[in-house]
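Take a look at the structure below.
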Amino acid sequence: MARLTMREAISQALWEEMERDPKVFIMGEEVGVWGGTYAVTKGFYDHFGAERVRDTPISEAAIIGAGIGAALTGLRPVAELMTINFAFSAMDHIVNEAAKMHYMFGGQMVLPLVIRTVGGGGRQLGATHSQTPDAIFAHFPGLVVVAPGTPADAKGLLKAAIRSNDPVMFIEHATLYQTRGEVPEGDYIVPIGKSTVQRPGKDVTIVTYSKMLELSLKAADQLAKEGVEAEIVDLRTLRPLDMDPVIESFKKTNRAVIVEEGWKSYGVGSEISARIYEEAFDYVDAPVKRVAQKEVPLPYNRTLEQSAIPNVEDIIQAVKEVL
Amino acid sequence: MEKQEYLDLYHQMVAIRRMEERAAELYQQGKIGGFLHLYIGQEAVSTGLIAPRTPDDRVITAYRDHGVAYNSGLSAREIMAELLGKATGCSKGKGGSMHMADVKKNFWGGHAIVGAHLPLAAGLALGDLYSKTPGVTICMFGDGATNIGYFHEALNLSKVWNLPVLWVCENNQYGMGTSVERASAVSEIRQKAEGYGIQNAQVDGMNALKVREASAKMLSEIRAGGGPRFLEINTYRFRGHSMGDPERYRKADEVHRYQENDPIGMFRKHIIENGIASEDEIIKLEDAIEEEVRDAVEFAENSPEPAPEELFTNVYVETY
């Protein structure tokens, strides 16, 4: 197995899928000549050509709308939104069209569309470019929402997303692109809609995903030094949500901390904790704790911004509160 | 044009008119729920527009879609059944008046968010361009849709990528109750296409033959690789925007003036006066259409409701 960065893993998945299936193509802002704003599609334009690596105008509604239309004709577009903050300009097409069409027309419309996008804060980009609004997209039945936390999952889940016949929001994290990990070579598929245990433990369950997985693993290492073994469940897919590993873990530990980068109110943690109370109430030994972003638009100033985003200390603190 | 084609066009226009009249009654009886946007007065537009298409050509439209569905080859039965929310409807009773489609007939809906289907149309056309298949996408929308951003994003993209799409603005003079003059910077909508360097024309939408001719010309230009075209079709809806529209925004005189030039009445006169068919033949055809629509209503009323488990089907294609 090769040790790849998240960027390389995603790039590899895209490349292999495009080699495998001529129906797969990429469209978005700066995906071609530029090579991708985050350099994920570097070299694609020269290899696959302008027809399959399509630079678009700065027109998010047209990118997603045309992606839907092309998918309806049987193609498998990977439509890229440069950041998830720009998805709001295409919200109507994601929510009112992509998420609804298969159902609303009685099953006759099939949209094998992947919307690749990038979220997350921590890079001093200010309030409009730093959001983690994943929960909003996970609210809509009909959409699949995937957010990998490791290079291997990124590769395997992106391949699964491209092969899926449903519209998939594939949310990457801007500060994970340099993260390295073991990535299986070749046709490696990770099934969509399956949470997984990333670190076994017995004392407390940490439920998390994407960038916060990295922080949770660090927190767990430190806790281990103090004799606390945290079990970490990585959601990987936010919709459809697989609660089985979460509930299974919770029934063993009876304590849970949910860690997400987005805001706490109406967030992923709200959903997970509600489900724990609904599905495993008899196993609750302590109130479920949520670690999330402070309820403010993210500021530019580095110190202020960092104090608004969850950090390793916050997670350790929360775990100690539930023990 | 052969006699049969004249009769086909007349058949389609009259069938749409009769279906819409019956739909209005069924709505008033509470058998149709939600919104109901009637196509009465605008029948010549989609009838003339769609007549010259080949089976490869795709059609996509907004929410005033019953007539367009019929012109695209859907039966009166499945249209009426969808209006009644029945399992036999074209969208299995899950779409309703505004969300009709039949992919097998290359009719791609039926879209209820104003202007949102224009980028989809660009994508359908991209599909044909990418796959080197011969289809042209015919995308219909109202005058109101030309004021929303999607319109501009879609037109721009279609020109940049030279997409095989025919943009059709069905200008019925009002976006709900706001007249074109009050809502659009230019009242001649085709000027907006001019801004994107897209060849365009205007045609009288009360005359099915003129619409058919304009459509055929543009479709062949697009098919020859000429890129997108834009057709503004001027028309008028005789009924309110939807059922229950108090119509405070226009005077009865204005409606009557347009009704005197009823596209169906004028076409009927044209057929008889030019000896294309006799009045007897036309009356026979009209009787057959009455029967077709009566049968469709009966079929719809006798059709089963969707099964309760249909609530949970078609959310996703895959099982996760």
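A short reminder: the numbers here are calculations on the coordinates, not readings from a lab. Here the structure is a predicted model, which is why all the values come from computation and not from measurement. Methodologically, a virtual Cβ is constructed for each residue, glycine included, from the backbone with ideal geometry; neighbour enumeration extends over all protein chains shown.
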Overall Cα dimensions of region A:2-97, principal axis frame, Å, largest first: 40, 28, 23
Can you compute the equivalent ellipsoid semi-axes for region A:196-322, i.e. the square root of 5 times each eigenvalue of the Cα gyration tensor, sorted largest first and rounded to whole Å? 23, 17, 13
Computed [θ] at 222 nm, helices only, for the protein assembly as shown once each DSSP H run of length n ≥ 4 contributes -39500 (n - 2.57): -12000 deg cm²/dmol
Would you grab the residues whose amide H sits under 5 Å from the one on A:Met169? Only those 5+ places off in sequence or on another chain, please, with H modelled 1.01 Å from N. A:Ile115, A:Val144, A:Val145, A:Val146
For region A:78-151 and region A:164-182, what is the separation of their C-alpha centers, rounded to whole Å? 12
Mean-square fluctuation check for chain A, GNM, Cα pairs under 10 Å: which of A:Ile63, A:Ile162, A:Ile136 is largest? A:Ile136
Using a ≥ b ≥ c from the Cα gyration tensor of region B:262-313 (square roots of the eigenvalues), is it rounded, prolate or oblate, where a/c under 1.5 gives rounded and otherwise the larger of a/b and b/c decides, a/b for prolate? prolate
Mind sorting B:Arg182, A:Arg76 by how few other Cβ atoms lie within 10 Å of their own Cβ, fewest first? B:Arg182, A:Arg76
Stretch gain in nm, segment B:Phe35-B:Arg250, where the contour uses 0.36 nm per residue and the Cα spacing is subtracted: 75.3 nm
Run the numbers for B:Met1 and B:Met266: contour at 0.36 nm per residue of separation, minus the present Cα-Cα distance, in nm. 93.7 nm
Hey, which lysines would be in cross-link range of A:Lys289, C-alpha to C-alpha under 30 Å, not counting anything within fewer than 8 residues on its own chain? A:Lys194, A:Lys202, A:Lys211, A:Lys218, A:Lys225, A:Lys251, A:Lys252, A:Lys264, A:Lys320
Gain upon complete extension [B:Glu301, B:Glu279; 0.36 nm per residue less C-alpha separation]: 4.6 nm
Mind jotting down the distance between the C-alpha centroids of region A:188-211 and region B:66-123, whole Å? 42
Taking amide H atoms as placed 1.01 Å from N in the peptide plane, list the residues 5 or more away in sequence, or in a different chain, whose amide H sits under 5 Å from that of A:Arg54. A:Ile26, A:Met27, A:Gly28
Using all alpha carbons of region B:150-270, what is the percent of pairwise distances in each 10 Å bin, ordered from the shortest bin to the longest? 12, 37, 32, 17, 2
Each residue of region A:22-33 in order: what ³J(HN,Hα) in whole Hz does its phi give by Karplus 6.51 cos²θ - 1.76 cosθ + 1.60, θ = phi - 60°, with x for Gly and Pro? x, 6, 7, 9, 10, 9, x, 7, 6, 7, x, 4
Applying the span-like rule to chain A (DSSP H, Cα extent along axis at least 30 Å, Kyte-Doolittle mean at least -0.5) gives none
Quick one: B:Phe299, A:Phe170, B:Phe312, A:Phe25, fewest Cβ neighbours within 10 Å first, how do they rank? B:Phe312, B:Phe299, A:Phe25, A:Phe170
Per residue of region A:107-120, what does 6.51 cos²θ - 1.76 cosθ + 1.60 with θ = phi - 60° give for ³J(HN,Hα)? Whole Hz please, x for Gly and Pro, Karplus curve as stated. x, 7, 9, 10, 10, x, 10, 10, 9, 8, 8, 10, x, x
Highest-MSF residue in chain A out of A:Glu261, A:Glu185, A:Glu30 [GNM, Cα springs under 10 Å]: A:Glu185
Fewest-first sequence of B:Asp253, A:Asp203, B:Asp8 by Cβ atoms within 10 Å of each Cβ: B:Asp253, B:Asp8, A:Asp203
Using the reciprocal of the averaged 1/r over all distinct C-alpha pairs, how large is the Kirkwood radius of the protein assembly as shown in Å? 26.6
Please give, to one decimal in nm, the separation of the simple spin-label points placed at A:Asp244 and A:Glu278, each 7 Å out from Cα toward the Cβ. 1.8
Quick check: Cα centre of region B:136-176 to Cα centre of region B:279-320, how many Å? 30
Within 10 Å of each Cβ of B:302-315, how many other protein chain Cβ atoms are there on average? 2
Label-to-label distance, nm, for residues given as B:Glu194 and A:His139 (7 Å Cα→Cβ offset): 4.3
Above 26 Å lies some portion of the pair distances; for chain B, what is it as a whole percent of all C-alpha pairs? 46
Here the equivalent ellipsoid of region A:2-183, derived from its Cα gyration tensor, has semi-axes (largest first, whole Å) of 23, 19, 16
Between A:Glu182 and A:Asn311, the two model label points (7 Å from Cα along the beta-carbon direction) sit apart by a distance in nm of 3.2
Paramagnetic reach from A:Asn301 (point 7 Å along Cα→Cβ, amide N under 18 Å) across region A:112-133: A:122-128
Using the crude model of +1 on Lys and Arg Cβ and -1 on Asp and Glu Cβ, and no other charge, please compute the dipole size for chain B relative to its Cα centre, in debye to 20. 900
For chain B, modelled as a GNM with alpha-carbon contacts under 10 angstrom, which of B:Gly127, B:Gly30, B:Gly48 fluctuates the most? B:Gly30
Among all the lysines, which ones have a C-alpha under 19 Å from B:Lys159's C-alpha, if same-chain residues fewer than 8 places away are not counted? B:Lys132, B:Lys192, B:Lys217
Starting from the amide H of A:Val118, placed 1.01 Å from N in the peptide plane, find each other amide H under 5 Å away whose residue is 5 or more places distant or on another chain. A:Thr83, A:Ile84, A:Glu172
